[in-house]
Every structure is written in C-alpha cells, then in structure tokens.
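Some notes on the structure that comes next.
Read the figures in this text as sums done on the coordinates, not as results from a lab. Being a predicted model, the structure only gives us computed values, none of them experimental. Quick reminder, even Gly has a Cβ in these numbers, built from the backbone with ideal geometry, and neighbours come from all protein chains shown.
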Amino acid sequence: MVSLDQLKEEVKKALSSGKVKYFIGYENIGSGWQVRPAFIRQPEDVDRLVWTPACFHNLVRFLHDEKRRRAREKNPDIRPVGLVVKGCDSRSINVLLQEKYIERNDVYIIGVSCELTGVINITKLNQHLNGLKPQKVLFGSKGTFKVIVDDREIEIEAPDILADRCLECPANFPVIADVILGEEIKRNPGNRYQSISAYEKMALDERWSFWQQQFSRCLRCYACRSVCPMCYCDECVADSIAYAVTAETTADEKAQKTRWVERNPELSENIFYHLVRAIHLAGRCVDCGECERVCPVEIPLRLLNKKMEKEAKELFGYEVGFDPAQPPLIACFRDNDPQDFIR
Amino acid sequence: MKRTGVFVCHCGINIAGTVDVKKVAAELAKHPGVVHAEDYVYMCSDPGQNLIIQAIKEKKLDSVVVACCSPTLHETTFRNATKKAGLNPYRCEIANIREQCSWVHREKSKATQKAISITRGVVEKVRRNESLEDVSVPVTKRALVIGGGIAGIQASLDIADAGYEVILVEKSPSIGGHMSQLSETFPTLDCSQCILTPKMVEVSKHPRIKLMTYSEVQEVSGYVGNFKVKILKKPTYVDPDKCTLCDECTKVCPIVVPNEFDMGLTGRRAIYIPFPQAIPASYTIDEKACPGMFDTAIACGKCADVCKPGAINFDMKPEIVEVDVGAIVVATGYDLYDKSMMAEYGYGQYPDVLDGLQFERLLSASGPTGGRILRPSDKKEPKEVVFIQCVGSRDPELHWPYCSKICCMYTAKHAMLYKHHVHDGQAYVFYIDIRSGGKNYEEFVHRAVEEDGVLYLRGKVSRVFEDNGKLIVWGVDTLTGKQIEIAADMVVLAMAIRPSKGMDELAKKLKIALDKDGFLAEAHPKLRPVESMTSGIFLAGAAQAPKDIPEAVGQASGAAAKAMAILSRDRLFHSPTVARVIRNLCTGCGMCVSVCPFEAISLKEGKAEVNEILCEGCGTCSASCLRNAIQVKNLTPHHIQEMIKACLGG
C-alpha cells in the first residue's frame, strides 16, 4: 500500500530542503471525495495532499506551463518541479525527455505504484452505486476499492470500476522516479488492446462512418489538447498562426495566409483536427487516457490513440515511454521496416 | 502587384497531342496575377527561350512558370533564361504537364483540365518563391576510387594523369581484379595479364596515385567536392618495404586453405602472395587461417623464423586512415552467382563441374595446371566438354531476370581455346540466344563454330549427374525438338554476374541507390550512365551492370572525366532550396537531426540548425517535424497548401 504519510513526508523533505521549486500532487475538492491537482509551495501545506483512486489526472502536463514560465522570466528559478506520478504518467515524462522538451533535472519525481488497482472511472462508479452518492473512495485491500456510502463501507472489486486504460495498463509501476512509494507488483494486463478489438473487426467503411459520427459531435473545445502531456507545441498546427512566418514573409503573404484547420466545428475540420492529433501522437501517446476522460461529448479518443499504439508495436516493435534514451518513433528507421502497408 | 508569366510548351505533339495547350494558356491568362500567357511549339529551343526573356523584360514579370516536361530535364535551361533576363532564377518554376499529364492520359478534355490545374498550382507556388542565391562550396582536389579492378585502375590513371591526386582503395591484397585471373580475352585472344599488368605497374609507380590495398571504405560523410572518408587498412602482418619476395615463408607455413585466385582449384598457405605479378608485390598473412593469430595461439611463427629481412610483424594493427576527397568513383566489380543455388547442375558435388572463372584458371598459363586442360578429379584430359550458358541469368522465375552479357562471348572463347588445346575433343554449348553485339564479336562466335567445330545446341539443360565416371548432361535441343543426353568429361557453367560481395553495405555508406537486381543505380539510364544519384559519386565497371573489359574501361574513363569536371573547379555551387529552421517554433526535440539522411542538421542551444552545404533539400526533416518548425525554402507547407488549393480550384 502507498502510505499517504510517507508521501507527505517526502514532499515536505523536498520542499524544506529547497531542492524543489514547488510540488504538484492531488488534493480533495472541498470536503468531497473528488480530487484536483494541488500546488504545494510550503512544507506546512503538505497535509492537503491525498492519494486516492480518484487521482486520475496526469500532472506531467503542468511541466509545459513551467517551461513557458521559465522562457518568459528574465531570471527564472531553475530548480526542479516536484511531481506525483503514476506508472502511465511516468512514461509521459520519458517521452518528454526523449524529445528533449525537459531535462531530467527539471523534474523531481515521486512515483506511486498502482499495485493491483489503478484509478477509477467515475461513470462506472456511479453505475455501480446505482444512484447512491459516495462520501469517500479509497484503496481497499489487495485488488479492491473501498467506497464509503451513507457511512457504510462497500468493497468493490477493482475491475468493476477501474478506468478502461488501467484495465489494459502495461506499467502499473513508475518507470522513472526519484522516490517510489508502494510495492512493485507484477500484474498481467491481459489483452492490452481489448478496447479496440471490436473496432478492429469493423470494415473500413464502417470505421469511417463510425468516426464521422463521433467527430461530428466534437465542439472543438480543445480540452483533449489542453490536458495532453504531449501537446506542448508553442504553436499548434491546429491554430497555425505563424507557421510560415519568417523574416522574409511579406505583409501581403501574411494577409493571404489561410489555416490548415479552421476552428469551426464542422465535420471536415473536426476530422482533420483529430486525425492530425492522432498522427502527432503516434509513438508518443502513453495512453494516460486523459483526453477521453475530459471530453465533454465523450468521443472515444483512446480508441484512436490505442490503435496507433498497437500499429507502432506490431509494425515496428515500438513501445512508448519505457526508455528515455530511445529515439522517437518517427526517427527510427531500419532497412527492414515493413512497407507492405504502403499502398 | 504580382506579375507572373506563363509559358506553355507543345513539345511537338508530346504535350499538344493530348493537351489543348492554347486553352491552357488562355485559362492561365485569366488566373489572378498572371499578366502574360502564351504557348509555343518548343519552349526549350532558342526562340522559345527568347520569348521568355522578352516577356520578362517587356511585361516586367516578377515570376515565370514554364508548363513543359519534367524539371529534371529543362529546369536549368529555363532558370538560366530567367537569369539572363535579369530575374532571380528561383523565381522560375516548371509545371510538369508532360510526364505527369500528357504522357499518362488519353482523354484530351480531362488532360487539358489537369494541365490547367497543375499550372495554376505552380503559379501559386512561384509567386511565393523567395529570390535565392546559390550556396557556394570549395572543392577538395583529390579523388577516391573504390575497387582496384580494371575499371578502378583505368579511372585512377585517367584522373591522376590529368593532374589530380587519387586514392585507390582495394579490399584484397592486390589490385588487378578478375581480369588478372583471365587467360585470354575475346575477341582478339590476347593474354589478359599481359595487357593488364602494365597498367597495374603504372598505378603503383604513379606519383599522384596513393594505393591502399587490403583496405576497405568504412565511413563516408560530406558532400560533392568535400567528402570525408574513413578507410580501414587491414593489417597484412608483412612489411612490404622489407619483403624481398624470397618465398621462404610459404615453404614453411603449415596451413593450407583454398586459393581464391585459382577459384579454389588449388590451395595456398596462410601467408601468401595472391599471384606473382601482384601489386603491391608483398605477402599477406590471412589472419583467419594463420594459427599464430588466434588467442589460443599455437605458437607457430615459422614464417617469421625463416624471414631473413625480418618483414613479418605479428603486432601490426588495423589502422583507420581519414582522407578528404572531392569526388568518388565506385568500381567494385562483380562476383559470380552463388553456385550452391545450382544443385541441379551438380556444382560442388562433382569436381569436374566448374564455373567460368575456374575454367579460365585451367586455361591460364599461371593456373593450377600450367595452362593444360585437365579434369580436377583425375587430372585427365577431358574429351567432351559441355558449356552451359545463362546459368542463373535470364531466369526470372528462379534466379535473375537479366542477361549477364559477357557469358556468350567468354563461352565461345572457352570452347575455342579448349579446341586449341585438345584437338580431338568436342565442345558443346547449350545456349538460349547468342548475344554477340560488339566490335568483331559476331565474327568471333562464327569462328568458334566454323573453324573450331564447336557444337551449339539451342536449349536448356535440365540436369547434370554422374554415371560411371562420366557427367551425364540431360538437355533439349529446341531447334530439332529432340532430347539430348551427352556423356561429358567436364561441364562448365556460365554463372550469372552478381555485384561483388559487400557492395550493398558500401552503397549504404555512400548513400547511393541500388537497382532492382542489386547493381549500382545510375542517375539516368541513357543520359547519365556513369553518375550515381548522389552528386560527386560516379560509377564504373561491372558494379553498375554486367560488362566486358572494353565497356568497363570506357565507363571508367567516363566516370574519370565526370570526376575531373568537379576537381577542375575551385568552387561548386549548390542549390539554395535547403531547409531553414523557424527558431520560435522549434522545440529542439531533435527529430529532424535523427531523420536527416545527409547529417545536415544539428542542435545548437536547444534549436535545430541546418548546414546549408550538406542539405540536399529533400524535405525529410520538414515531414518529420510535428511543428512545421523546419521548412524547405521555396517549398514550405504554405507553398504546398497554396498549390493544393489552386489545383483544387480554390
């Protein structure tokens, strides 16, 4: 079991020694059981920290803000930022390291093991409780969750309410960290691509109409992009404001510049946006599942990214985010790479 | 204020036959910003170019589109014309309406529409083009020749005679290549070594040729005019300056391995000289064979004991030599197709089934039998010899589809020479066709048939097997339709010609392409037959395609001339359409650095930086960048987007 006291102790130690600039963990929202990211700046604030099955956020995303802040400030504080990461989150740190977006000493990592469980899916929890309101959601004994409802304790088997991504997770233990809490327990994720097996059985035209239907609902709120630990470009192609502006670009050229994607939620623009994002995440997405979780219209974005993950694995034997020294997928070329899918 | 001129070429009927060129010009004249549009029968002709020059001057054009053939053909022509008219040449672009339109379509109305779309796209591109200046690079006035066969020797001599330094690299211990193994050469039957060795000596004595035998190219970087090459000099363990060629060492060496020079028909010692006229004249210890070389050395050292001048040095180490060269000639030659692929002909199973080079060695005065034709099995003179042509060649189902070209001629020579040695013998040749195109070649084959009574049988051999001391050849004569069985004493296989072993590795190091059969690919099959696709790297000899000696020598001189054209210049100019980094978009992820095939990009202070001299403008970086932070000049995503828009009629 991950000890919350130990977590607090580690954070306190890091903050009071001045080793880290500030710490990002999780705290409860008000007196409820739900959780939000917590920015801990003072050692005495560590008591705000929690570690519960509702800590689904991938905090790595906040490193983008820190990087931009540093670029903005004249004399930035370059001490590392402390982060609490799960196995999946830690893989996204590895990808950022691969892409030289951050350096190892930009971040102080407290890794927490998901052991035999993971984080929950709120919809599944609500369905399971059938209208009852939980007061607390906690980790139970081996492989269960403990939910307090009406001052009663209910024990729920993890697979019943686990987030989909956790059911297919190949990394329940942090792959990179300065301190690790909890035990490394081997867990067999079963079929890592379970969630796409139904999709893969669809014919091409069925898939096309499936995605058309899904993307037609997109509001282009860009929540998926905002929450993604990999979407760190200062200028996203989806915004394309200055993409071809150079010293030599004339005012005339700027004036007639059009965008790759217009930000109006039309089907063709939506498809373009999502497909560009999927391609840009190929070989980079660690399946933290945050995009799908935050989508207000519940577009199954994990399906798209998971499919790309599987392609990269099957075609090129590429696993994302286990090794910070591994080159990015697009930069790996071997003469014997398969080519028969090029038509 | 855009003032674009559009010039549509008829190319005789090449374009005008399928595309309504008048309509293309008329439609483009209506395109916004196009102030001049006309068509002409041959734009590339002088009057055609003058039309462009005139229009630029009179209509004050700021950009030019020529709708014609592929830019690989006339882009330079029209850019030069543009330059002549006082406009920056990079303000001129080609719209390819021939290869990509008229030649591939039949329906005139649709082809015309497509030609209009293509041209519109290029109009939108060219008006966004920057005026660029060529990148200038200094030239290292030295050439590297890889391969010391006749082609490499000829190229080296030609370049060195023109006054430039040459480094000739050969992987085996001596230069000379396969030509040094041959007995006599068709169609004149002059002795191969007699005509080759003077050239070998010339190489060794030439003041401007640095000969590096027993060496291999390990790494090549750089670009035309400025290649950096790392050459691995393997240790021979014998100091050639001290060696007096007394040959005492081979008498005491206890190890015998197959002799490559005799194609395995004889053995050689672990310390050996490849052949008496070897250049450099020195011995080499084969480290794979010598027991003194293994870690668990049986302390042999017998050669060192008897070497009076003390030339043997077991402590010699591999050495990496780095050289700078301006041009490279690749002349790595050929090997015969792996005979183990030919089980039906019993090669390897029966000692008297030979390949062409082995038969050459039997014919050669310096060969294992002193020039007498004797069966390897029992040293008896064969009275019936069957020659089989196209073994592995012209066989797309099982082996190689191409014709190995030289086998018809050397088989005729073999059969003829056999008859000269064994007057009462009979030579049979199984052939598919006789290909004897070449000066005096046809006459030579006729001589074999008419004067020497060689029996030519048109057909293939299905099987060779041994029966009662004879090699039974089962074949068919397709002219008479009869099955043929010959009880032969010897069978000679004209094996397919393959690129020499290890050439694919070398091609990767040089970043030059191979064709579908594994030979080096030339830049253009007709017009650039001695150039590779990489500028500054030229091809010579059988590495490019099967060739006989005169062709290999001719191509070598051609490659040398091409190399000299580079070496004779002080500076080279390089296209300025190279990649550029947009620093504020670059996150320094280094993806472009790792995908660049020319090693032209590096990371400086967390941002990518392009070496314009190394960059070939291929755009791989641009395609890999998730942020559009690296773009090829005059072909940015913006250019492409506008071209697509114009093509789609937007």
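Counting each DSSP H run of 4 or more residues in chain B as -39500 (n - 2.57), what helix-only mean residue ellipticity at 222 nm follows after dividing by all residues, to the nearest 500 deg cm²/dmol?
Helices in chain B give a 222 nm mean residue ellipticity of -8000 deg cm²/dmol.
Once you've got the Cα coordinates, tell me which of B:509/B:562; A:313/B:288; A:310/B:645; B:59/B:114; B:210/B:508; B:405/B:482 are over 29 Å apart.
Beyond 29 Å between Cα atoms: A:313/B:288; A:310/B:645.
Sorting B:568, B:282, B:557 on the 10 Å Cβ count, fewest up front, what's the list?
Result, fewest neighbours first: B:568, B:557, B:282.
Between residue A:219 and residue B:344, what is the label-point separation in nm under the 7 Å Cα-to-beta-carbon projection?
Spacing of the two 7 Å Cα→Cβ label points: 7.3 nm.
Can you give the calculated 222 nm mean residue ellipticity of chain A, where each DSSP H run of n ≥ 4 adds -39,500 (n - 2.57) and the sum is split over every residue, rounded to the nearest 500 deg cm²/dmol?
Calculated at 222 nm, the ellipticity per residue is -9500 deg cm²/dmol.
What Kirkwood radius, in Å to one decimal, follows from the Cα pairs of the protein assembly as shown?
Over the protein assembly as shown, the inverse of the mean reciprocal pair distance is 34.6 Å.
Among A:82, A:53, A:330, pick out the residue whose Cα is farthest towards the positive end of the charge dipole of chain A, where Lys and Arg carry +1 and Asp and Glu carry -1 on C-beta, about the Cα centre.
A:82
Step through the table entries B:141/B:228; B:413/B:501; B:439/B:526, compare each Cα-Cα distance with 19 Å, and write down the pairs that go over it.
Violating the 19 Å limit, Cα to Cα: B:413/B:501; B:439/B:526.
Order these by the 10 Å Cβ neighbour count, fewest first: A:271, B:512.
So the residues, fewest neighbours to most, are A:271, B:512.
Students often get this wrong, so check it: of B:205/B:339; A:19/A:74; B:199/B:380, which have C-alpha atoms separated by over 28 Å? Before the final figure, lay out the partial values.
Details: B:205/B:339 38 Å; A:19/A:74 21 Å; B:199/B:380 36 Å.
Listed pairs above 28 Å: B:205/B:339; B:199/B:380.
Give me the percent relative contact order of region B:102-221, please, defined on Cα pairs under 8 angstrom at least 6 residues apart.
The value is 24 percent.
To the nearest 0.05, how large is the calculated FRET efficiency for residue A:65 and residue A:313 if R₀ is 45 Å and r is the Cβ-Cβ distance?
0.90
Using a 10 Å cut-off on Cβ to Cβ distances, tally the other chain neighbours for every residue of B:584-594 and report the average as a whole number.
Details: counts 5, 7, 1, 7, 3, 10, 6, 8, 2, 3, 6.
Mean shielding by partner chains, rounded to a whole number: 5.
Please list, or write none, the lysines whose alpha carbon is within less than 28 Å of the alpha carbon of residue A:133, excluding same-chain residues fewer than 8 places away.
List returned: A:86, A:124, A:142, A:146.
Sorting B:44, B:621, A:218 on the 10 Å Cβ count, fewest up front, what's the list?
Going from sparsest to densest Cβ surroundings: B:44, A:218, B:621.
Connecting C-alpha atoms closer than 10 Å in a GNM of chain A, tell me which of A:68, A:263, A:293 has the biggest fluctuation.
A:68
Taking a point 7 angstrom from the Cα of residue B:76 along the C-beta vector, which residues in region B:551-573 have backbone N less than 18 Å away?
B:558-573, by backbone N distance to the label point.
What does the structure give for B:191-202 when I average, per residue, the other chain Cβ atoms found within 10 Å of the residue Cβ?
Rounded to a whole number, the mean comes out at 0.
Among B:596, B:387, B:102, whose Cα lies farthest out toward the positive end of the dipole of the protein assembly as shown, if unit charges sit on the beta carbon of Lys, Arg (+1) and Asp, Glu (-1)?
B:102
Kindly write out, for region B:322-336 in residue order, the coupling ³J(HN,Hα) from the Karplus curve 6.51 cos²θ - 1.76 cosθ + 1.60 (θ = phi - 60°), rounded to whole Hz, with x marking Gly and Pro.
With coefficients 6.51, -1.76 and 1.60, one gets 9, 10, 10, 9, x, 8, 10, 10, 9, 9, 8, x, 9, 10, 7 Hz.
Give the long-range amide H neighbours of residue A:107: residues separated by 5 or more places, or on another chain, with amide H under 5 Å away, using H modelled in the peptide plane at 1.01 Å from N.
Amide H neighbours of residue A:107, under 5 Å, 5+ apart: A:81.
Between A:303, A:138, A:315, find the one with the highest GNM mean-square fluctuation for chain A; connect C-alpha pairs within less than 10 Å.
Top of the fluctuation ranking is A:315.
Run down the aspartates and glutamates and flag those whose C-alpha is under 18 Å from the C-alpha of residue B:2, throwing out any fewer than 8 positions away in its chain.
Partners found: A:248, A:252, A:253, B:27, B:38, B:58, B:62, B:93, B:124, B:130, B:642.
Please report the antiparallel percentage of DSSP beta bridges with both residues in the protein assembly as shown, rounded to the nearest 5.
Numbers: 73 of 133 bridges.
That works out to approximately 55 percent antiparallel.
Sort the following peptides by mean Cβ neighbour count (other Cβ atoms within 10 Å, averaged over residues), highest first: B:310-322, B:415-427, B:525-537.
B:415-427, B:525-537, B:310-322
Count, for each residue of B:622-635, the Cβ atoms from other chains sitting within 10 Å of its Cβ, then give me the mean as a whole number.
Working: counts 0, 1, 3, 1, 14, 8, 8, 4, 0, 3, 0, 2, 0, 0.
Counting other chains' Cβ atoms within 10 Å and averaging over B:622-635 gives 3.
Under a straight-distance cross-link criterion of Cα-Cα below 17 Å, which lysines are reachable from residue B:251, leaving out those fewer than 8 residues away in the same chain?
Those lysines meeting the cut-off are B:302, B:308.
Could you tell me what percent of the DSSP beta bridges with both partners in chain A are antiparallel, to the nearest 5?
Of the beta bridges lying entirely in chain A, close to 65 percent run antiparallel.
Considering only C-alpha atoms, what is the centroid distance from region A:147-175 to region A:277-343, in Å?
25
In debye to the nearest 20, how big a dipole does region B:338-498 give about its Cα centre with +1 on each Lys and Arg Cβ and -1 on each Asp and Glu Cβ?
Here the size comes out at about 320 debye.
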